Amino acid sequence: MPDPAKKTIELRILRYQPGVDAAPSFGTFEVAGAENMSVLEALQTIKDTLDGSLSFRWSCRMAVCGSCGMMINGEPKLACSTFLRDLPPGPVTVEPLNNFPIERDLVISVGGFVKKIESIYPYIMPKEPKTVEQGPYRQTPAQLAAYESFSDCINCMLCYAACPQFGENPDFIGPGAMALLQRYNGDSRDAGRQKRLDTIHGENGVWSCTAVGICSEVCPKSVDPANAVNQNKTNSAFDFFLRFLRKE
Amino acid sequence: MNESRPYRRPAPKDWWAKAPYRAYTVREMSGLAVAGYGAVLFAGLYSLSQGPESWAAYVRFLQSPVSLLLHAALLAAVLYHVKTWFQILPKTMPKLILGRAPVAQRTITRVATIFAGACSLALVLITLGVAR
Amino acid sequence: MTGPARDNRSISPIFWLLFGAGGMLSALFGPGLILITGFFAPLGVGLPENFLSYDHALAFAQNPVGKLAVLVVVALFFWHGAERLFLTLKDMKAGPSLLLKLCTYGVAAVVTAAVIALLLAIGF
Amino acid sequence: METFETDILIVGAGGAGLRAAIAAAEADPAARIALVSKVLPMRSHTVAAEGGSAGVIQSHDSLDAHFNDTVHGGDWLCDQDVVEFFVSRCTPELIQLEHWGCPWSRKPDGQINVRAFGGMKIERTWFAADRSGFHILHTLFQTSTKYPQIRRFDEAFCLDLIVDGGRAQGATVMSPATGAFSAIFARAVILATGGAGRVFRQNTNGGIVTGDGMAMAYRHGVPLRDMEFVQYHPTCMPGSGVLFSEACRGEGGYLVNKDGYRYLQDYGLGPATTEPRNKAMELGPRDRLSQAFWQEDRKGRTVTTPQGESAVYLDLRHLGLAKLKERLPLIRGLAMEFMGLDPAEALIPVRPAVHYTMGGIVTDIHTATPLAGLFAAGECSSVGIHGANRLGSNSLGELTVFGRVAGEQAVKFAKDAPAVDAGRLVDQAKASAAKALALRDQKGGGERHSVLRKEMAATMEKGCGIYRLGTEMQETCDKLAELKQRLGQVTLDDRSDIWNTDWIAALELDYQLDVAEAMAQSALARKESRGAHQRLDGFEKRDDENFLAHSLAHYRAGAAPDITYGPVTITKSKPGARAYGALGEQLEQAKKDGTHA
Ligand SMILES: Cc1cc2nc3c(=O)[nH]c(=O)nc-3n(C[C@H](O)[C@H](O)[C@H](O)COP(=O)(O)OP(=O)(O)OC[C@H]3O[C@@H](n4cnc5c(N)ncnc54)[C@H](O)[C@@H]3O)c2cc1C
Ligand code: SF4
Ligand code: F3S
Ligand code: FES
């Protein structure tokens, strides 16, 4: 039951409607009884009851589908797992993820990110091909642990919104895609390491990263993408000098 | 009509001066202290190559309060560099798996920092010992 | 999907490795070196009188091992600082990339050459 | 209008759609495949599955045992030929996923690890911590990028099928990013659009789970089968309905009422042992556990949460922090982030919420629907394996087993299918577009679709909940008819083209109302109690004489659907008593003794 003495929380939301607005500007909404809501629930309440034209992406509501990333009080967060009760009192500011083009309100362009994921051969290239009849590969818990955290990435792009180097260079492969690259390069079943490494030797590859490290701090799934990028900086650097010794 | 016109917000030019990136900028600047100390040594090498008088002037400089203050500042900055350097270290290497689970990065940082302290200490002790 | 949009191999690894080597060296021995050359030696604490004497210093710089140590420490420390300064200036958009490189990597390269020249001049 | 031509069109890029796409690409490398999804593929709701996927792998397990558990769990409403095929294909499909990189949890020696699951006699649920669906979906999506012939249409909302000459020949889609329509013509179409749990109030489903594909097929005359069987999952977060996986109980968690008593022993699931026992207590099937909750609630032995919902407690404290971190990290994270409590130290308030639609688009064992050229797989389909109650961890297996079949069958069909006459069919696509635009631009009477959606969800919960009454179901049917009328009175706040999510929500509501109606009408017509369909108005017993049959809801424009019945295929398991706990073991023993004697 909604509490009769319910508190009202003010949300300042960055709005943008292409073709109508020349530039984004803030709109303000008051949501009653919101103290136990997540930011997502507050946005849904606004959309359902106050302004149906407010646009944002969401689906799972349980911090696993990666749809609902946005800047909340200036920090990249998942709206569904950020609760108003945990934010400092006063108006809450909600903006689309930093460093991405805004398509509408809180909806940003995701196509570039998807292309990056596709560019790094995100699938197993088996070391020793096996048929299904031959059964599963063996992989010890230690071998699993070597790449497990990188496989937990939900593609929410919060790390991109935090990374200033991605802000400077939108072509930078970036932390999330590098986490995926390392997920496969670190897998004991895989033999595609060199091929993947060869995609990131350029300035738009790992060399745009200056080890700011904030990508790992904002990651909601403890993926540690900074590790994926910087570990591959080391790999790429060694490859720079050792490539001549490599036999193809 | 049917065209999306994404809006690109201009990125602020001074992000590096603002939280949370300020700490990163300070960390990077600590690298200047390393080079600064290299410059002090370079000056010594140059003085040495110019003969005994020049070297004596350099030694007098080292003994001056200005130099002591400068070195105190350099030491502080380099210590900050040591601290942050080993904070990034675990990011630049593959996960260390002990048993079933990766070693915590904090542990790697701590061990490496202690090791570095030991290196510097050993250098000092050996120098003092050899010189004696 | 088509192959990855690969851009040309960057030459950053050269600077990055020099930066890394300098960073590691300074992290391991920097504080110790500063203590010795900045405090113990000039103040004569724990060290004999002649430690900073011209002859003693010259002997060190004429010894091949000493030469190497001086070269490695001074050059790598400069390369370390150069890389960090370059990236920060780039973050600050302080100027065109080429200019920034000259002011950072350029200085480190000149200093490296000068150290070699001086060490050779000092002789063996 | 932009048009595309392809050989195979797959609508839906969740587990089933992606598996179908890969299967089609492997079956015929020359086939062109279009893969349409209203969200990026990795956002599909397969991502939320936690517990795992069943497949016989232990040496003391057998396909027969998996078969029996499934048929038994489905209260004999399963098509046994399909179940037999299904259980035989589960393990190979799970191995295939392993070869593609799925990070299954392992035993110390590197072999696949399995966990216990509700209603399963032997541990056979493969898991990747408690993010099994997430890992399956990402593995499939990433693997699918290997095939250049799969052309993805990400964030493309499918409005309707294109059907001509009794054959499905494509679909009309709208791009939310631009509002532009296009027609995708194909020789064969696969629907893999997922479930419809969102028609209920409290549910474990994502916002996108709105039954779109079911409604599309339904409106083109394909019956929806067994729609009255909607699964309540017993352990969900009060208020939001977010799921706490069955794996919590598989790992040994307890369910206790407000007095700390393990109440399941009062409902034929006991005795209450400390260690988990398969097919007993907390490891009973979902329908039974949800029903027990309802009874406890009636007896006043539940607590009321701050959200105003009644709840019992899930107790994981005795599992210890280390095990929670290793086996149930997501669950622990959810409890801590969403409810502010650590399951290592505190009880988690939980209650049942709608989770899964057992019914769906009717298909045969080859995933073919009665409409030529149209195939369906995954939760949107009813291929016949779940019967009246799905067993946990049988659905992820279904995605891969039947997703693959659909892909292969569609390729086969497309090879022989005559070419599409795109020039003529484009008018159909234009009509679908016009209809969608009409909903967006209608003047209406100022009604908000969010209000309609809430009323729909509330009436479904009331009439088609854990226990059902004829009168209440009738009220629900009436209410749904009213809501369908009121849809014409809806006025949208937003009439723009770009990212008009107001419009998309209204289109989804339109689908949902049809699906909800099929559910409620099928429920009203089934005058017995079976599996997830439990009545309290004189039909408390299972009635094999009259209702050992699949219900089929046939769409009628502007009227309630026609409900007919079709046969259930029974091969080797004759309908018997469905018992769990000690009673279940006794019956099983008696059966064994009987056959041995
Ligand atoms: C919280 C939760 C936990 C679960 N845990 C388990 C478990 O442990 N074990 C188990 O076996 N099962 C589990 N299930 C069930 C199982 O996850 C689902 O049944 C299954 O994932 C459904 O997969 P799908 O491919 O059929 O559909 P989805 O994954 O839902 O995909 C549907 C696809 O269709 C697309 N789509 C829908 N409508 C349209 C449209 N109009 N236009 C374009 N595209 C459209 C969507 O974008 C999406 O790509 C769980 C379910 C839930 C909700
Ligand atoms: S690495 Fe973390 S922050 Fe980045 S996309 Fe993946 S889950 Fe999101
Ligand atoms: S924040 Fe950016 S600069 Fe590197 S370490 Fe992370 S990618
Ligand atoms: S809605 Fe899925 S991550 Fe927030």
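Suppose we filter the stretch A:207-218 for residues that are surrounded by fewer than 23 Cβ atoms within 10 Å (Cβ to Cβ) and within 13 Å of ligand 2 (Cβ to nearest atom); how many remain?
4
Could you list, in sequence order, all residues of the stretch C:44-66 that are buried (at least 17 other Cβ atoms within 10 Å of the Cβ) and aromatic (Phe, Trp, Tyr)?
Scanning the stretch C:44-66 gives C:51, C:54.
Give me the residue from the stretch D:1-19 that is outside any helix (DSSP H, G or I) and within 8 Å of ligand 1 (Cβ to nearest atom) and, out of that set, nearest to the chain's Cα centre (by Cα).
Ranking the candidates gives D:14 first.
For residue D:165, only one of the following conditions fails: (1) over 21 Å from the mean Cα position of the chain (by Cα); (2) at the interface with another protein chain (Cβ under 8 Å from one of its Cβ atoms); (3) free of Cβ contacts under 8 Å to residues at least 40 places away in the same chain. What is its number?
The number of the failed condition is (2).
Has the stretch A:38-49 got any residue that is away from ligand 2 (no atom under 16 Å from the Cβ) and assigned to a loop (DSSP other than H, G, I, E, B)?
no
How many residues does the stretch D:501-518 hold that are out of contact with any helix residue (DSSP H, G or I) (no Cβ under 7 Å at 6 or more places or on another chain) and open to solvent by less than 10 Å² (accessible area, probe 1.4 Å)?
Going residue by residue through the stretch D:501-518, those that are out of contact with any helix residue (DSSP H, G or I) (no Cβ under 7 Å at 6 or more places or on another chain) are D:501-502, D:504.
Then keep just the ones that are open to solvent by less than 10 Å² (accessible area, probe 1.4 Å); that gives D:502.
Number of matching residues: 1.
Is it the case, given these coordinates, that residue A:221 is of a type outside the set (Asp, Glu), within 16 Å of ligand 4 (Cβ to nearest atom) and either in contact (Cβ under 8 Å) with a residue 24 or more places away in the chain or open to solvent by less than 10 Å² (accessible area, probe 1.4 Å) (or both)?
yes
Name the one entry in C:15, C:60, C:78, C:39 that is of a type in the set (A, V, I, L, M, F, W, C), under 30 Å from residue A:170 (Cβ atoms) and out of contact with any Cys (no Cβ under 6 Å at 6 or more places or on another chain).
After ruling out the rest, the residue left standing is C:15.
Okay, residues lined up against (1) within 16 Å of ligand 4 (Cβ to nearest atom); (2) in contact with a Leu (Cβ under 9 Å, 6 or more places away or on another chain); (3) within 11 Å of another protein chain (Cβ to nearest Cβ); (4) modelled with pLDDT of 95 or more:
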{"position": "D:188", "(1), (2), (3), (4)": "no, yes, no, yes"}
{"position": "D:195", "(1), (2), (3), (4)": "no, no, no, yes"}
{"position": "D:208", "(1), (2), (3), (4)": "yes, no, yes, yes"}
{"position": "D:216", "(1), (2), (3), (4)": "no, yes, no, yes"}
{"position": "D:220", "(1), (2), (3), (4)": "no, yes, no, yes"}
{"position": "D:223", "(1), (2), (3), (4)": "no, yes, no, yes"}
{"position": "D:226", "(1), (2), (3), (4)": "no, yes, no, yes"}
{"position": "D:229", "(1), (2), (3), (4)": "no, yes, no, yes"}
{"position": "D:239", "(1), (2), (3), (4)": "yes, no, yes, no"}
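Against the definition (within 21 Å of the chain's Cα centre (by Cα) and away from ligand 4 (no atom under 16 Å from the Cβ)), how does residue D:56 come out, yes or no? Outline the logic, then answer.
Working: within 21 Å of the chain's Cα centre (by Cα): no; away from ligand 4 (no atom under 16 Å from the Cβ): yes.
No: the conditions fail for residue D:56.
Under the condition of being over 22 Å from residue A:153 (Cα atoms) and not in a helix (DSSP H, G or I), which residue from the stretch A:208-248 is nearest to the other protein chains (Cβ to nearest Cβ)?
Ranking the candidates gives A:243 first.
Checking the structure you have, find out if any residue of the stretch D:339-354 is buried (at least 18 other Cβ atoms within 10 Å of the Cβ), of a type in the set (A, V, I, L, M, F, W, C) and under 22 Å from residue A:78 (Cα atoms).
Scanning the stretch D:339-354, I find at least one residue that is buried (at least 18 other Cβ atoms within 10 Å of the Cβ), of a type in the set (A, V, I, L, M, F, W, C) and under 22 Å from residue A:78 (Cα atoms), so the answer is yes.
Residue by residue through the stretch A:141-159, note down the ones that are of a type in the set (A, V, I, L, M), away from ligand 1 (no atom under 16 Å from the Cβ) and open to solvent by less than 20 Å² (accessible area, probe 1.4 Å).
Taking the stretch A:141-159 as the starting set, the residues that turn out to be of a type in the set (A, V, I, L, M) are A:142, A:144-146, A:154, A:157-158.
Applying the additional criterion that residues be away from ligand 1 (no atom under 16 Å from the Cβ) yields A:142, A:144-146, A:157-158.
A:144, A:145, A:157, A:158 - these are the residues of the stretch A:141-159 that are of a type in the set (A, V, I, L, M), away from ligand 1 (no atom under 16 Å from the Cβ) and open to solvent by less than 20 Å² (accessible area, probe 1.4 Å).
Please go through the stretch D:33-62 and pick out each residue that is in contact with a strand residue (DSSP E or B) (Cβ under 9 Å, 6 or more places away or on another chain), among the polar types (S, T, N, Q) and surrounded by fewer than 24 Cβ atoms within 10 Å (Cβ to Cβ).
D:58 - this is the single residue of the stretch D:33-62 that is in contact with a strand residue (DSSP E or B) (Cβ under 9 Å, 6 or more places away or on another chain), among the polar types (S, T, N, Q) and surrounded by fewer than 24 Cβ atoms within 10 Å (Cβ to Cβ).
Go through the stretch A:171-207 and give me each residue that's in a loop (DSSP other than H, G, I, E, B), touching a residue at least 40 places away in the same chain (Cβ under 8 Å) and closer than 13 Å to residue A:229 by Cβ.
Result: A:173, A:200.
If you check A:204, A:230, A:185, A:169, which single one turns out to be out of contact with any Gly (no Cβ under 7 Å at 6 or more places or on another chain), open to solvent by less than 20 Å² (accessible area, probe 1.4 Å) and at pLDDT 95 or above?
Only one candidate qualifies: A:230.
Restricting to the stretch D:367-404, count the residues that are among the polar types (S, T, N, Q), open to solvent by less than 10 Å² (accessible area, probe 1.4 Å) and within 21 Å of residue D:187 (Cα to Cα).
2
Tally the residues that are within 16 Å of ligand 1 (Cβ to nearest atom), open to solvent by 10 Å² or more (accessible area, probe 1.4 Å) and either among the β-branched types (Val, Ile, Thr) or closer than 14 Å to residue D:338 by Cβ (or both), restricting the search to the stretch A:25-67.
1
Among the residues of the stretch B:105-113, is any in a loop (DSSP other than H, G, I, E, B) and small (Gly, Ala, Ser)?
no
Results for (1) without any contact (Cβ under 8 Å) to a residue 12 or more places away in the chain; (2) more than 9 Å from every other protein chain (Cβ to nearest Cβ); (3) in contact with a helix residue (DSSP H, G or I) (Cβ under 8 Å, 6 or more places away or on another chain), shown as yes or no for each residue.
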residue: B:41; (1), (2), (3): yes, no, yes
residue: B:69; (1), (2), (3): yes, yes, no
residue: B:79; (1), (2), (3): yes, no, yes
residue: B:91; (1), (2), (3): no, no, yes
residue: B:96; (1), (2), (3): no, yes, yes
residue: B:107; (1), (2), (3): yes, yes, no
residue: B:112; (1), (2), (3): no, no, yes
residue: B:116; (1), (2), (3): no, no, yes
residue: B:129; (1), (2), (3): yes, yes, no
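This table checks each residue for (1) in a loop (DSSP other than H, G, I, E, B); (2) within 25 Å of residue D:132 (Cα to Cα).
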position	(1), (2)
D:330	no, yes
D:333	no, yes
D:343	yes, yes
D:351	no, yes
D:355	no, yes
D:361	no, no
D:366	yes, no
D:375	no, no
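Report whether or not residue D:56 is within 14 Å of chain A (Cβ to nearest Cβ), in contact with a Leu (Cβ under 9 Å, 6 or more places away or on another chain) and away from ligand 2 (no atom under 16 Å from the Cβ).
Yes, satisfied.
Which ones in the stretch D:141-162 are farther than 15 Å from residue D:39 by Cβ, open to solvent by less than 10 Å² (accessible area, probe 1.4 Å) and either assigned to a strand (DSSP E or B) or hydrophobic (A, V, I, L, M, F, W, C) (or both)?
D:150, D:161, D:162
Across the stretch D:571-591, what is the total count of residues that are closer than 18 Å to residue D:278 by Cβ and assigned to a helix (DSSP H, G or I)?
Number of matching residues: 10.
The values are calculated or read from the model by the stated rules, or taken from the named source; none is laboratory data. Just so it is clear, the model here is predicted, and its values are computed rather than measured. Counting neighbours? That spans all protein chains shown, and the Cβs are built from the backbone with ideal geometry, glycine included. Side chains are part of the model used for accessible areas, which takes the heavy atoms of the whole protein and leaves out ligands, DNA and RNA. Shrake-Rupley method; radii C 1.70, N 1.55, O 1.52, S 1.80 Å.
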